[in-house]
Amino acid sequence: MEPQLLHSVTDSVATVVIRHPAKRNAMTAAMWRALPPLLGALAADPAVRALVLTGEGGTFCAGADIATLRDSPEEAQRLAVRAEEALAAFPKPALAAVRGHCVGGGTQLAAACDLRFAEQGALFGVTPAKLGVVYPASATRRLVSLVGPATAKYLLFSGELIDAERALRTGLVDEVLPEGELGRRVAEFTRTLVARSQLTQAAAKEFADGRRDRDAYWAGQARGSGDTAEGVAAFLERRPPRFTWSVPTSG
C-alpha cells in the first residue's frame, strides 16, 4: 500500500489516518506536504466540528521516513514544521488518538493537537539526538508548554521512549485507555465536543495558545452569535442547546 493520509467525516468529526504500514506509519515528504492543504479543506468545511488524528493499525507514527532526512534534512524539517504549525492552527478541537509508537515526528504531530488520548502500551519519544538533528524551535516550545522544561530536556537529550502512564503523569497525554477502549472513548468524547459551542472552543483555543490581542474580537463574536442566549435558554428549559455560531472559513 502506498503511503498516504486518509480522511473521512462522520457525525461532524473529521478523522485523518496516517498510513504507511511498511515503515510503521512514518511520514514521507509527500505526506508532510499533503497535511496542510488537507487540514485547510477540513477547517473550511462547516460540517466539520472536530478533528481526530490517528495512525492505521497498531501504530500512531514512527516519525519522519529516514530516507527524507538522508536526501535533504533541511527540507524535511521545513516540511515537518509547516505540517505541525498547520495542525496547531486548526481552528476546531483536534485530538490525537495514539496506539503503539508515537516517536519523533509522530510526537511532533501529537503535541500540535489540542488533546492526546493514548492506549495502554503506547510509547512516546522525541529522538533527534539519535540522528544529530536539531529539533525545531517551534516544536521544542510546544513540547515545553506541555511537559515543562525538565521533562522536555529529558526527552530531547536522551531520545529515550516513555510509556503512556509516564506520558500521562508529565502532561504529554490527557487520558490513557485500556487496550480496546481507545476508539470507544474517542468517539464518546468527540460526540461531546461537537455538541458544545464552537464559539467557546475557538476563543478558548486562541487564548490558551497565547493570543492576547483578540479579546475585543471574541466579545464581538459573542454578542452577535446568539450562542449565549441559546445556552442559557437550553439550560433553563432542560434541553440540549442548538448552537449556531461556526468558525469563519477565512480571517
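Of note:
- Filtered by the rule that a residue be surrounded by 12 or more Cβ atoms within 10 Å (Cβ to Cβ), under 27 Å from the mean Cα position of the chain (by Cα) and assigned to a loop (DSSP other than H, G, I, E, B), the range 189-241 gives Arg196, Ser197, Asp209, Arg211, Arg214, Pro241.
- Once the range 137-174 is narrowed to residues that are outside any helix (DSSP H, G or I) and of a type in the set (Val, Ile, Thr), the residue that is nearest to Ala208 (Cα to Cα) is Val173.
- Against the numbered list (1) more than 30 Å from Asp163 (Cα to Cα); (2) among the charged types (D, E, K, R); (3) assigned to a loop (DSSP other than H, G, I, E, B), Glu179 comes up short only at (1).
- Condition met for Glu237 (within 30 Å of Leu177 (Cβ to Cβ) and either of a type outside the set (A, V, I, L, M, F, W, C) or outside the structural domain of Ala112 (by TED's automatic domain parsing) (or both)): no
- Residues that are charged (D, E, K, R) and surrounded by 14 or more Cβ atoms within 10 Å (Cβ to Cβ), drawn from the range 170-180: Asp174, Glu175
- For the range 9-26, a residue qualifies if it is farther than 27 Å from Gly104 by Cβ and in contact with a strand residue (DSSP E or B) (Cβ under 8 Å, 6 or more places away or on another chain), and the qualifying residues are Val9, Ser12.
- Among residues of the range 8-41 being surrounded by fewer than 17 Cβ atoms within 10 Å (Cβ to Cβ) and polar (S, T, N, Q), the one that is nearest to Gln77 (Cα to Cα) is Ser8.
- One residue stands out in the range 95-146 among those that are closer than 25 Å to Arg49 by Cβ and among the basic types (Lys, Arg): the one that is surrounded by the fewest Cβ atoms within 10 Å (Cβ to Cβ), namely Arg142.
- Pair list, Cβ under 6 Å, 6 or more apart: the range 169-181 residue more than 16 Å from Leu95 (Cα to Cα), other residue among the hydroxyl-bearing types (Ser, Thr, Tyr) and buried (at least 17 other Cβ atoms within 10 Å of the Cβ): Thr170/Thr151
- Of all positions in the range 37-51, none carries a residue that is in contact (Cβ under 8 Å) with a residue 24 or more places away in the chain, more than 30 Å from Pro248 (Cα to Cα) and out of contact with any Pro (no Cβ under 9 Å at 6 or more places or on another chain).
- Filter result (under 15 Å from the mean Cα position of the chain (by Cα) and among the β-branched types (Val, Ile, Thr)) within the range 163-188: Val173, Val186
- With respect to the conditions (1) more than 16 Å from Ala164 (Cβ to Cβ); (2) modelled with pLDDT of 95 or more, Gly100 lacks only one, and its number is (1).
- Pair list, Cβ under 6 Å, 6 or more apart: the range 107-136 residue outside the structural domain of Leu172 (by TED's automatic domain parsing), other residue part of a loop (DSSP other than H, G, I, E, B) and modelled with pLDDT of 95 or more: none
The values are calculated or read from the model by the stated rules, or taken from the named source; none is laboratory data. Values in this document were obtained by computation on a predicted structure and should not be read as measured data. Neighbour counts are summed over all protein chains in view; Cβ atoms, including those assigned to glycine, are modelled from backbone coordinates with ideal geometry.
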